[in-house]
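Chemist: Below is a structure I'd like to ask you about.
The values are calculated or read from the model by the stated rules, or taken from the named source; none is laboratory data. Computed from a predicted structure; not experimentally measured. With ideal geometry, Cβ positions are generated from the backbone for all residues, glycine too; neighbour counts draw on all protein chains shown. Just so you know, the surface numbers come from the protein's heavy atoms only, side chains and all, with ligands and any DNA or RNA stripped out. Shrake-Rupley method; radii C 1.70, N 1.55, O 1.52, S 1.80 Å.
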Amino acid sequence: MPSKKRRRKEERPKIHPKNKYSDNPPDFALLASLYPTFKPFVFYTREGRPRIDWTDFNATRELTRVLLLHDHNLHWWIPHGQLCPTVPNRSNYIHWIEDLLSSHIIPRDNTNGGNVRGFDIGTGANCIYPLLGASLLGWSFVASDMTDVAIEWAERNVKNNPNISELIEIRKVKCSQNTLSPEGLSGESSYSEEREGLPSSSLDISASEDKSYYGPAILVDVVRDGETFDFCMCNPPFFESFEEAGLNPKTSCGGTYEEMVCPGGEKAFITRIIEDSVVLKQSFRWYTSMVGRKVNLKFLVSKLREVGVTVVKTTEFVQGKTCRWGLAWSFLPPAKKIVTPHVTEKNILSFMLEGIQRQFGAIHVLQSVESFFLAGGASCKLNASSFVVDITASADHCNALLNNDVKYIDEVASCSNVQEAPSNLCFRILVFQQIPGTLLVKGSLQHRDSALSGFHLLFS
């Protein structure tokens, strides 16, 4: 009888390692002993485990309050019915943006004097992202919203923390007279960090594909002339109706209509952010948003390819049984890669080219590669049917290409024969189209005795 193959379990993404709660989740028993106002909301299971009732808004709000005070020294409160955030989940998003900024994929221009400056779209009464970003990392923020209640309480939460209050500006979004309904800027679904919420990708809510956003301004007409930011972030209104937003009976994190609902849901809202980013382009290093449904993530990535962004990054946020996705993009040119020491022993290297306009494919990249090396005096052989170009270059040509020394390249090309050079670098470049707008470029040395260092420097 043939043996059954064991299905390999996919390792589920975990909470961000920099998250304060990565190794030490909130201890309800300890918090109850330290904060008398939280104690009435804590009960114990038969096994003696402390729990709270996630369907009780007062319990989830008090938990958020004591976590912000105990772990972040932040004084915080929101009125009944406003969206109540879960602190560990929000910290994941902050740390992912921290990773994007520190990766130097998109270089800084020091316009803001070396200080990180963010824009929180729809900050809500809770103002959670600016409070966490400022207290954890010293970032400054512009935080926007449209309702009077959100603006009033966001300002209160900022003023009640004078140590960071100067880092956060609350900005009111003006509602146009043409706005048909006050669709939310600060939306979010009612999910908890402990209980499973509305399935992010399995629930099929019927909606027409051509629904587009109409409502208050998001970035255009809110960002002022001449302003620049390192990033924007957003918890979009996930739902298309208030009825849909209330389909999860296991949690009660509050949330007003303006915070949770938008015609077309998160797909329409984030599509408008993309459209605004096309207008503002390099005003932001990174545009980012949270995404609640994976099926929408695929659509939005495709949309970004269409508008010609230079970089797209995605991630998955996991907190308890709740999954969210992060989407980030930029119009700025990526920084040149630096070859790290552990890579220099490899004979094959590869990387992805993202954000290429649809009219350009693998053959266009190969032709550009061929033209580049031919202009430098190297020998090239292009095979269009196999999407391969074989290159032979001398050490002098490699050095000249790396230094962008056109004059020296011309001199070398006129007085040396690449084919007869004793220390030639011979390598092959292949280009594969993954999806429209994304190409895989692979380089491989053709002779083991070729100079590895020159290959890696040229290919990077």
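Chemist: Of the residues 157, 161, only one is at negative phi, open to solvent by less than 10 Å² (accessible area, probe 1.4 Å) and touching a Cys at 6+ places or on another chain (Cβ under 8 Å); which?
Modeler: So the residue among 157, 161 that is at negative phi, open to solvent by less than 10 Å² (accessible area, probe 1.4 Å) and touching a Cys at 6+ places or on another chain (Cβ under 8 Å) is 157.
Chemist: For region 367-376, state whether one or more residues are open to solvent by less than 30 Å² (accessible area, probe 1.4 Å) and modelled with pLDDT of 90 or more.
Modeler: Among the residues of region 367-376, not one is open to solvent by less than 30 Å² (accessible area, probe 1.4 Å) and modelled with pLDDT of 90 or more, which makes the answer no.
Chemist: Within region 306-330, work out how many residues are open to solvent by 20 Å² or more (accessible area, probe 1.4 Å) and modelled with pLDDT of 85 or more. Steps first, please.
Modeler: Within region 306-330, the first condition is being open to solvent by 20 Å² or more (accessible area, probe 1.4 Å), and the residues that meet it are 306-308, 310, 313-316, 319-321, 323, 325.
Adding the requirement that they be modelled with pLDDT of 85 or more leaves 306-308, 310, 313-316, 325.
Within region 306-330, residues that are open to solvent by 20 Å² or more (accessible area, probe 1.4 Å) and modelled with pLDDT of 85 or more number 9.
Chemist: Still on this model: I need every pair where a residue in region 281-307 that is within 23 Å of residue 94 (Cα to Cα) and of a type in the set (Ser, Thr, Tyr) has its Cβ under 7 Å from the Cβ of a residue that is open to solvent by 10 Å² or more (accessible area, probe 1.4 Å) and in a loop (DSSP other than H, G, I, E, B), sequence separation at least 6 or different chains.
Modeler: Matching pairs, first to second residue: 283/223; 283/227; 283/228.
Chemist: Among residues belonging to region 333-349 that are loosely packed, with under 14 Cβ neighbours inside 10 Å and modelled with pLDDT of 65 or more, point out the one that is nearest to residue 105 (Cα to Cα).
Modeler: 335
Chemist: Could you identify the single residue in 405, 396, 449, 410 that is modelled with pLDDT of 65 or more, over 30 Å from residue 313 (Cβ atoms) and not aliphatic (A, V, I, L, M)?
Modeler: None of the others qualify; the one that does is 396.
Chemist: Being open to solvent by 40 Å² or more (accessible area, probe 1.4 Å) and either within 28 Å of the chain's Cα centre (by Cα) or of a type in the set (Lys, Arg) (or both) is the filter here, so list the residues in region 23-60 that pass it.
Modeler: Selection gives 23, 24, 25, 39, 46, 49, 51.
Residue-by-condition table, conditions (1) buried (at least 21 other Cβ atoms within 10 Å of the Cβ); (2) basic (Lys, Arg); (3) over 24 Å from the mean Cα position of the chain (by Cα):
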{"position": "65", "(1), (2), (3)": "no, yes, yes"}
{"position": "87", "(1), (2), (3)": "yes, no, no"}
{"position": "93", "(1), (2), (3)": "yes, no, no"}
{"position": "122", "(1), (2), (3)": "yes, no, no"}
{"position": "137", "(1), (2), (3)": "no, no, no"}
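Chemist: Only one of (1) farther than 29 Å from residue 328 by Cβ; (2) among the charged types (D, E, K, R); (3) modelled with pLDDT of 95 or more is not met by residue 6, so which one is it?
Modeler: (3)
Chemist: So, residue 75, is that one in the same structural domain as residue 292 (by the TED database), open to solvent by 60 Å² or more (accessible area, probe 1.4 Å) and not in a helix (DSSP H, G or I) or not?
Modeler: Considered against the rule, which asks whether it is in the same structural domain as residue 292 (by the TED database), open to solvent by 60 Å² or more (accessible area, probe 1.4 Å) and not in a helix (DSSP H, G or I), residue 75 comes out as yes.
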